[in-house]
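Written below as structure tokens is the structure these notes are about.
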Amino acid sequence: MVHWSAEEKQLIATVWGKVNVEECGAEALARLLIVYPWTQRFFDNFGNLSSPTAIIGNPKVRAHGKKVLTSFGEAVKNLENLKATYAKLSELHCEKLHVDPENFRLLGDILIIVLAAHFTKDFTPACQATWQKLVGVVAHALAYKYH
Amino acid sequence: MLTAEDKNLIHQFWEKVSGHQEDFGSEVLERMFMTYPQTKTYFPHFNLQHGSDQIRSHGKKVLNALGNAVKSLDNLSQALSELSNLHAYNLRVDPSHFALQLLGQCFHVVLASHLGKDYSPEVHAAFDKFLSAVAATLAEKYR
């Protein structure tokens, strides 16, 4: 089980409290598809992903980004129990979606960069360290049920 | 592969780094040591406290080297040849989960936190490709 210090919990809650889940989620997913174009392989039915502009403006990307980051909010609420929280999603990503868990790490890193661009100097080194730990354990929980 | 557009963006945005090599460089390292403590194992001889002279000077050195790479985007192998030797034969930083990827992530965060929304997806992508190419070049001679 992962241990979270009081300071880490505070940093997570403070940042999360100011996140616009729809905007951040859309941006994180768009950046994933732009910076690592091979990730588009999972989204054949999303329509036009032919350029950064197309991706950023794509309504399915925005909607799905919001969905993904909303789900991330469950992690913030269940820091002590991430494996259980993500058990079903883990099975889904393995058995139905067939997503290589490496992609969770990529998206996690991208989320950090989106937060940094959004919060600028308020995204201190301590903030980054805590949030990288969080995205890392979420990625681990999502990969946990893979077989 | 870096496109012409990527190269333009890299040159354009590197202007914003010029003049701040020491500040940005030390921030990159500080974030890396805090976020990825395993990277500290390569610096047992350093004072790693916030603002230490060694971190400032090493941060400046790293960013200057990246600046040289920016000037030689068409020939990274040659521009980074000596550093490539250094990393392969002396420093031997683990290449598999290359600490350089971790440095790269912190570099993105420093640029994003200083440039805000100017650090657009296109600029982010161009720098990510650049940093990957640099890391690959530095790892070229490992074996």
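Side notes on the structure shown:
- Options B:29, B:9; residue that is under 23 Å from residue A:122 (Cα atoms) and either at pLDDT 95 or above or open to solvent by 90 Å² or more (accessible area, probe 1.4 Å) (or both): B:29
- Residues that are outside any helix (DSSP H, G or I) and within 13 Å of another protein chain (Cβ to nearest Cβ), drawn from the range B:15-32: none
- For the range B:87-121, a residue qualifies if it is open to solvent by less than 70 Å² (accessible area, probe 1.4 Å) and farther than 19 Å from residue A:136 by Cβ, and the qualifying residues are B:87, B:88, B:93, B:95, B:110, B:111, B:113, B:115, B:116, B:119, B:120, B:121.
- Where residue B:46 falls short, out of the listed (1) part of a helix (DSSP H, G or I); (2) surrounded by 14 or more Cβ atoms within 10 Å (Cβ to Cβ): (1)
- The number of residues in the range A:114-147 being among the hydroxyl-bearing types (Ser, Thr, Tyr), assigned to a helix (DSSP H, G or I) and open to solvent by 20 Å² or more (accessible area, probe 1.4 Å) comes to 1.
- Applying the condition of being within 13 Å of chain B (Cβ to nearest Cβ) and open to solvent by 70 Å² or more (accessible area, probe 1.4 Å) to the range A:38-55 and asking which residue is farthest from residue A:16 (Cα to Cα) yields A:38.
- Helices (runs of 4 or more DSSP H) contained entirely in the range A:1-69, each with at least 3 residues that are within 16 Å of the chain's Cα centre (by Cα) and touching a residue at least 60 places away in the same chain (Cβ under 8 Å): A:6-17, A:21-35
- Annotation: residue B:129 fulfils all but one of (1) within 16 Å of the chain's Cα centre (by Cα); (2) within 9 Å of chain A (Cβ to nearest Cβ); (3) crowded, with 21+ Cβ neighbours inside 10 Å; the unmet one is (3).
- Residues that are over 10 Å from residue A:142 (Cβ atoms) and in a helix (DSSP H, G or I) within the range A:73-84 comprise A:73, A:74, A:76, A:77, A:84, listed in sequence order.
- Any pair with Cβ under 9 angstrom, 6 or more apart, that starts in the range A:106-131 at a residue that is within 7 Å of chain B (Cβ to nearest Cβ) and within 16 Å of residue B:36 (Cα to Cα) and ends at one that is among the β-branched types (Val, Ile, Thr) and open to solvent by 30 Å² or more (accessible area, probe 1.4 Å): none
- Pairs, first within 12 Å of chain A (Cβ to nearest Cβ) in the range B:33-60, second open to solvent by 40 Å² or more (accessible area, probe 1.4 Å), C-beta under 6 Å, six or more apart: B:33/B:40; B:33/B:48
- Scanning the range A:56-92 for residues that are of a type outside the set (A, V, I, L, M), open to solvent by less than 70 Å² (accessible area, probe 1.4 Å) and farther than 19 Å from residue A:134 by Cα gives A:57, A:58, A:64, A:91.
- Of the listed requirements (1) more than 27 Å from residue B:126 (Cβ to Cβ); (2) modelled with pLDDT of 95 or more; (3) open to solvent by less than 40 Å² (accessible area, probe 1.4 Å); (4) away from chain B (no Cβ under 13 Å), residue A:25 misses just one: (1).
- Tally of residues being under 21 Å from residue A:130 (Cα atoms) and open to solvent by 60 Å² or more (accessible area, probe 1.4 Å) across the range A:1-22: 10
- Of everything in the range B:61-86 that is free of Cβ contacts under 8 Å to residues at least 12 places away in the same chain and of a type in the set (A, V, I, L, M), the residue that is least open to solvent (accessible area, probe 1.4 Å) is B:79.
The values are calculated or read from the model by the stated rules, or taken from the named source; none is laboratory data. These numbers were taken from a predicted model, which means no experiment stands behind them. Ideal geometry is used to build each Cβ from the backbone, glycine not excepted, and the neighbour counts take in all protein chains shown. Each accessible area value is taken on the protein alone, full model and side chains, heavy atoms only, with ligands, DNA and RNA left out. Shrake-Rupley method; radii C 1.70, N 1.55, O 1.52, S 1.80 Å.
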